[in-house]
1. I want to confirm something. Restricting to the range 115-137 and keeping residues that are closer than 18 Å to Arg150 by Cβ and in contact with a Lys or Arg (Cβ under 9 Å, 6 or more places away or on another chain), which single residue is surrounded by the most Cβ atoms within 10 Å (Cβ to Cβ)?
2. Scan (1) open to solvent by less than 100 Å² (accessible area, probe 1.4 Å); (2) at pLDDT 65 or above for the single condition Gly73 breaks and write down its number.
3. Please indicate, with yes or no, whether at least one residue in the range 18-41 is of a type in the set (A, V, I, L, M), open to solvent by 100 Å² or more (accessible area, probe 1.4 Å), over 30 Å from Met133 (Cα atoms) and modelled with pLDDT under 70.
4. Taking the condition of being acidic (Asp, Glu) and in contact with an Asp or Glu (Cβ under 8 Å, 6 or more places away or on another chain), how many residues in the range 105-125 meet it?
5. Could you give every pair whose Cβ atoms fall below 6 Å, whose first residue belongs to the range 103-127 and is of a type in the set (Asp, Glu), and whose second residue is exposed (fewer than 11 other Cβ atoms within 10 Å of the Cβ), counting only separations of at least 6 or pairs across chains?
6. Since Ala45 meets every condition but one in (1) surrounded by 11 or more Cβ atoms within 10 Å (Cβ to Cβ); (2) at pLDDT 70 or above, which condition does it not meet?
Amino acid sequence: MASCVTCGAELHPERAEKYDYCVKPECQERNAKGLEMVAVGVNKAADQFVVLDERTQKEMANGRYKKRPEPTGSSRMPRTVQRNLTPRPVPTVVPRSSGRASRPRWSQAQENLAITYRAMGMKPDEIAKRLGMSRYLVTQILLAATGRGRL
């Protein structure tokens with residue numbers, strides 16, 4: 001039967017297949033080694049990580065994780081079509097509203113009260129009655145406060 005290299009305790013046969021130390025915290029702290037990880041298969045969305053062992057090193061040397069260029073006849077390549085290139089008229093930019101800044105539809109005090117009433121458990125209908133506003137406007141206040149992280 002195999003024994004721990006640190007404390008000499010007997011190892012379970014299944015553990016002895018992979019490790020030469022026991023599961024006591026002192027033995028694990030002294031003998032456990034971290035795994036070397038390497039990022040491979042990098043693409044636009046995410047990295048793929050694998051343990052760097054002999055097999056991975058051989059695969060990397062053989063070019064398995066090497067980025068391959070797309071073939072010239074790939075369907076991803078956009079096709080260019082020759083068209084009659086007549087100049088298009090440049091659209092004129094028309095402002096949507098007047099040049100002055102829009103004023104908010106509610107005051108900071110109204111927003112603070114609506115947030116406080118909501119924290120007390122009141123529904124938008126009840127808050128609207130208290131503040132003398134429409135239920136729609138109270139809902140807009142609460143949504144805006146939530147979007148800014150205040151609620």
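The values are calculated or read from the model by the stated rules, or taken from the named source; none is laboratory data. This one's a predicted model, so the numbers in the text were calculated from it and none came from an experiment. Note: ideal-geometry Cβ built from the backbone for every residue, glycine included; neighbour counts use all protein chains shown. Quick note on the areas: whole protein, heavy atoms, side chains included, nothing else; ligands and nucleic acids left out. Shrake-Rupley method; radii C 1.70, N 1.55, O 1.52, S 1.80 Å.
1. Ile127
2. Answer for Gly73: the failing condition is (2).
3. Restricting attention to the range 18-41, the residues satisfying the condition of being of a type in the set (A, V, I, L, M) are 23, 32, 35, 37-40.
Then drop every residue that is not open to solvent by 100 Å² or more (accessible area, probe 1.4 Å), which leaves 35, 37.
From the residues that got through so far, the ones that are over 30 Å from Met133 (Cα atoms) too are 35, 37.
Remaining after also requiring modelled with pLDDT under 70: none.
No; the residues of the range 18-41 include none that is of a type in the set (A, V, I, L, M), open to solvent by 100 Å² or more (accessible area, probe 1.4 Å), over 30 Å from Met133 (Cα atoms) and modelled with pLDDT under 70.
4. Step one: filter the range 105-125 for residues acidic (Asp, Glu), giving 111, 125.
Of the ones still in play, those that are also in contact with an Asp or Glu (Cβ under 8 Å, 6 or more places away or on another chain) are none.
Number of matching residues: 0.
5. Pairs that qualify, where the first residue is of a type in the set (Asp, Glu) and the partner is exposed (fewer than 11 other Cβ atoms within 10 Å of the Cβ): there are none.
6. Condition (1) is where Ala45 drops out.
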